[in-house]
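*Asks:* Can you keep this structure in mind? I'll have questions shortly.
The values are calculated or read from the model by the stated rules, or taken from the named source; none is laboratory data. It should be emphasised that the depicted structure is a prediction, and the values quoted were computed from it without experimental measurement. Positions of Cβ are generated from backbone atoms using ideal geometry, with glycine treated the same way; all protein chains shown enter the neighbour counts. The accessibility values were calculated without ligands, DNA or RNA, using every heavy atom of the protein model including side chains. Shrake-Rupley method; radii C 1.70, N 1.55, O 1.52, S 1.80 Å.
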Amino acid sequence: MDNDDLQQLVLKYALVNATGHSGQAQNGAVMGMVMANHPELRSQGKKIGPLTGQVVAQVNQMSLEVQQQKLEELGGYQAPEKKEEEKGLPELPNADKGVVLRFAPNPSGPLHIGHARAAVLNQEYQERYGGKLILRVEDTDPRRVYPPAYDMIREDLTWLGVKWQEEVVQSQRLEIYYQMAEEAIRKGAAYMCTCPGDEFKKLKDTGEACPHREMTLEENLELWEKMPILKEGGAVLRVKTDLEHKNPAIRDWVAMRIVDYPHPQLGEEYRVYPMMNFSVAVDDHLLGVTHVLRGKDHLANTEKQGYLYRHLGWEEPHYTHYGRLKMEDVALSTSQAKQGIEDGEYTGWDDPRLGTIRAIARRGIQAESIRELMNEIGVKNADTTVSWKKIYGLNRNLLEEVNRYFLATPARQIRIRNLPEEAKILVERPLHPDHPERGMRKLRFEDRLYIPSTDIPSDPEKVVRLMDAVNITFQDGEAVYHSSSLEEAREHHAPAIQWVPMREKKLVELVMPDGSVRNGYAEADTYQQKEGDVVQFERVGFARLDEKYLGKMTFYFAHK
């Protein structure tokens, strides 16, 4: 664009800005319009800046009528239509040819909320295209296998509502990996290496070839056959890559290695195991996986696996890499959680301080709120930090329909002095104000009660309202009857507080998200709830009934 064309362009945007703002254009706004609509000019910012200042000064000296006339002479201006922001998950490429996806956890522990993203999004795509989702348990590192995790993973997925059409456990496929390893050797795609790890690293870092790289086929096959009887570290199978690759980690990566550690599923029957990149590439190919959703921390792995695909003439799946997922105030490391459990820091995998699926479920967070969250985050490349506030907001929408009860915690026993006999009544409150068909809760109001100690005012003149009952004050820490009418409570701006009859109560243990425990008393009707039910304790929050036994109930607090 020559100088005259550029000047005419700036003039047009200056006139547009001026006519839309009472005849006065602004330098920054005009330059912003130029750069936004013509990104190819951004490199000329130093030139366009001074030019914009000159043109804007000229335009601002014109009358509004003249500005409008000149804008018409330049062809007028129609603002570009704003593109609607794409909502939902983007389409998968080549989906018309069929869609096969896989969710592939390592059984080092149960699933956490980071796993939920991959599991949920894979199923969303599987349902969208009527494809197949494979659950593939990647357990070819015996040292990382936590035996209970096999069942825990299935349980966590079931809770999330994720359904899979095929299940594969990699430790049951070792013979397949051996066959593919031998095929890679025969095709010259892989070679046996006996270099000590530190020596190979020096070669790799300098881009030099391993001395074993050019061994004959016979030499490679002979060493491959001997591999099961060698000591750990005695040999590895490497896939050939570019020795000059800019990332040394990708140069001639390890495909198979020796592990002297009993496998929980196989015992000591096998000693040669595939590395993740080898088993993943082999299985993605043999299982017909067409699309892979994975974090961008796997970009190097995708590149590594690409070498094997090309060596063996396989068609690569389409990869979608998304950003990392972090969660506020929660460590998602399975190894750290496991160590904390072993050390007694956590009570188990469902300790409320953990980010595991089962810990979240135990608190009364609904699976649908997690699914909705993961769909909202989607497969965008940017890293995402999930806040509990966001989860609570989604979950609250799902829990508004649960039954409501009184809970006094921390509980303070009171006796109301001077309470009239006619004030001792049977109070009925709906289980839910929007659902009268559910029935009423019944609380016998008497002079002996439990109330939350935090609701006791320090001012002896301050009136408080016991919900649906009477108004009281506190004189020298003792509850004193004041009046009964709601109108009088309103006149005194009395806060409404809940209460629990002393003779009709149930002991409650409320486990908080930080692991602390609050004790208190709930109204007797609460005991009618079943274990697993979520309730709303009025003015306290939502909580899930975890256990009830001999009149005592243990709830896990979800959120307000």
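*Asks:* What's the total number of residues in the stretch 147-172 that are in contact with a Pro (Cβ under 6 Å, 6 or more places away or on another chain) and assigned to a helix (DSSP H, G or I)?
*Replies:* Count: 5.
*Asks:* Evaluate the stretch 80-95: report whether one residue or more is in a helix (DSSP H, G or I), over 30 Å from D141 (Cβ atoms) and not aromatic (F, W, Y).
*Replies:* Yes, some residue in the stretch 80-95 is in a helix (DSSP H, G or I), over 30 Å from D141 (Cβ atoms) and not aromatic (F, W, Y).
*Asks:* Oh, and also: Could you please give the count of residues in the stretch 346-382 that are open to solvent by 50 Å² or more (accessible area, probe 1.4 Å), more than 11 Å from the chain's Cα centre (by Cα) and closer than 23 Å to R324 by Cβ?
*Replies:* The qualifying residues number 5.
*Asks:* So which residues in the stretch 1-27 are under 14 Å from K47 (Cα atoms) and open to solvent by 40 Å² or more (accessible area, probe 1.4 Å), if there are any at all? Reasoning before the result, please.
*Replies:* Going through the stretch 1-27, the residues under 14 Å from K47 (Cα atoms) turn out to be 1-7, 9-10, 27.
Correct list: M1, D2, N3, D4, D5, Q7, N27.
*Asks:* Here's another thing I want to ask about it. Please enumerate the residues belonging to the stretch 37-76 that are open to solvent by 70 Å² or more (accessible area, probe 1.4 Å) and small (G, A, S).
*Replies:* Selection gives S43 alone.
*Asks:* Yes or no: T241 hydroxyl-bearing (S, T, Y), under 22 Å from R310 (Cβ atoms) and open to solvent by 10 Å² or more (accessible area, probe 1.4 Å)? Quick ask: steps written out before the conclusion?
*Replies:* On the way: hydroxyl-bearing (S, T, Y): yes; under 22 Å from R310 (Cβ atoms): yes; open to solvent by 10 Å² or more (accessible area, probe 1.4 Å): yes.
Here the answer is yes, as T241 does meet what is asked.
The rows are residues; the columns are (1) at pLDDT below 95; (2) under 26 Å from L399 (Cβ atoms).
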{"residue": "T473", "(1), (2)": "no, no"}
{"residue": "S485", "(1), (2)": "yes, no"}
{"residue": "W499", "(1), (2)": "no, yes"}
{"residue": "V517", "(1), (2)": "no, yes"}
{"residue": "E523", "(1), (2)": "no, yes"}
{"residue": "T526", "(1), (2)": "no, yes"}
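*Asks:* For the condition in contact (Cβ under 8 Å) with a residue 24 or more places away in the chain, surrounded by 12 or more Cβ atoms within 10 Å (Cβ to Cβ), hydrophobic (A, V, I, L, M, F, W, C) and part of a helix (DSSP H, G or I), what is the one hit in A489, A522?
*Replies:* A489
*Asks:* Report whether or not R465 is over 30 Å from K530 (Cβ atoms) and in contact (Cβ under 8 Å) with a residue 12 or more places away in the chain.
*Replies:* Working: over 30 Å from K530 (Cβ atoms): yes; in contact (Cβ under 8 Å) with a residue 12 or more places away in the chain: yes.
Taking the combined requirement at face value, the residue satisfies it.
*Asks:* For the stretch 405-427, indicate whether the set of residues that are open to solvent by 20 Å² or more (accessible area, probe 1.4 Å) and of a type in the set (G, A, S) is non-empty.
*Replies:* Yes.
*Asks:* Filtering the stretch 115-149 down to residues that are among the small types (G, A, S) and surrounded by 21 or more Cβ atoms within 10 Å (Cβ to Cβ), which residue is nearest to V386 (Cα to Cα)?
*Replies:* In this case the residue turns out to be A116.
*Asks:* A further question follows. Before we move on, is V402 open to solvent by 10 Å² or more (accessible area, probe 1.4 Å), over 14 Å from R117 (Cβ atoms) and not in a helix (DSSP H, G or I)?
*Replies:* Yes.
*Asks:* Can you name every residue in the stretch 323-345 that is of a type in the set (S, T, N, Q) and either outside any helix (DSSP H, G or I) or surrounded by fewer than 17 Cβ atoms within 10 Å (Cβ to Cβ) (or both)?
*Replies:* Within the stretch 323-345, S333, S335, Q336, Q339 meet the criteria.
*Asks:* Restricting to the stretch 188-211, name every residue that is open to solvent by less than 40 Å² (accessible area, probe 1.4 Å) and under 17 Å from H311 (Cβ atoms).
*Replies:* The answer is G188, A189, A190, Y191, M192, C193, C210.
*Asks:* To continue, here is another question. Identify, please: which residue in the stretch 534-560 is open to solvent by 40 Å² or more (accessible area, probe 1.4 Å) and not in a strand (DSSP E or B) and is, among those, nearest to L426 (Cα to Cα)?
*Replies:* The residue in question is R539.
*Asks:* State the number of residues belonging to the stretch 202-229 that are basic (K, R) and in contact with a strand residue (DSSP E or B) (Cβ under 6 Å, 6 or more places away or on another chain).
*Replies:* 1
*Asks:* All but one of (1) of a type outside the set (G, A, S); (2) open to solvent by less than 40 Å² (accessible area, probe 1.4 Å); (3) more than 44 Å from the chain's Cα centre (by Cα); (4) within 24 Å of T554 (Cα to Cα) hold for R444; state the number of the condition that does not hold.
*Replies:* Of (1) of a type outside the set (G, A, S); (2) open to solvent by less than 40 Å² (accessible area, probe 1.4 Å); (3) more than 44 Å from the chain's Cα centre (by Cα); (4) within 24 Å of T554 (Cα to Cα), only one is false for R444: (2).
*Asks:* Specify which of the listed residues (E303, E315, E232) is farther than 26 Å from S108 by Cβ and either of a type outside the set (G, A, S) or modelled with pLDDT under 95 (or both).
*Replies:* When all the criteria are applied, what remains is E315.
*Asks:* Please verify whether the stretch 177-184 includes one or more residues that are farther than 30 Å from I365 by Cβ, part of a strand (DSSP E or B) and open to solvent by less than 30 Å² (accessible area, probe 1.4 Å).
*Replies:* So far as the stretch 177-184 goes, no, none of its residues is farther than 30 Å from I365 by Cβ, part of a strand (DSSP E or B) and open to solvent by less than 30 Å² (accessible area, probe 1.4 Å).
*Asks:* Somewhere in the stretch 45-68, is a residue in contact with a Phe, Trp or Tyr (Cβ under 7 Å, 6 or more places away or on another chain) and assigned to a helix (DSSP H, G or I)?
*Replies:* Taking the stretch 45-68 as the starting set, the residues that turn out to be in contact with a Phe, Trp or Tyr (Cβ under 7 Å, 6 or more places away or on another chain) are none.
No, that holds for no residue.
*Asks:* Please verify whether the stretch 119-126 includes one or more residues that are modelled with pLDDT of 90 or more, small (G, A, S) and out of contact with any Lys or Arg (no Cβ under 6 Å at 6 or more places or on another chain). Steps first, answer last, please.
*Replies:* Filtering the stretch 119-126 for residues modelled with pLDDT of 90 or more gives 119-126.
With the extra rule that they be small (G, A, S), the set shrinks to 119.
Right, trim to out of contact with any Lys or Arg (no Cβ under 6 Å at 6 or more places or on another chain) and you get 119.
Checked the stretch 119-126: at least one residue is modelled with pLDDT of 90 or more, small (G, A, S) and out of contact with any Lys or Arg (no Cβ under 6 Å at 6 or more places or on another chain).
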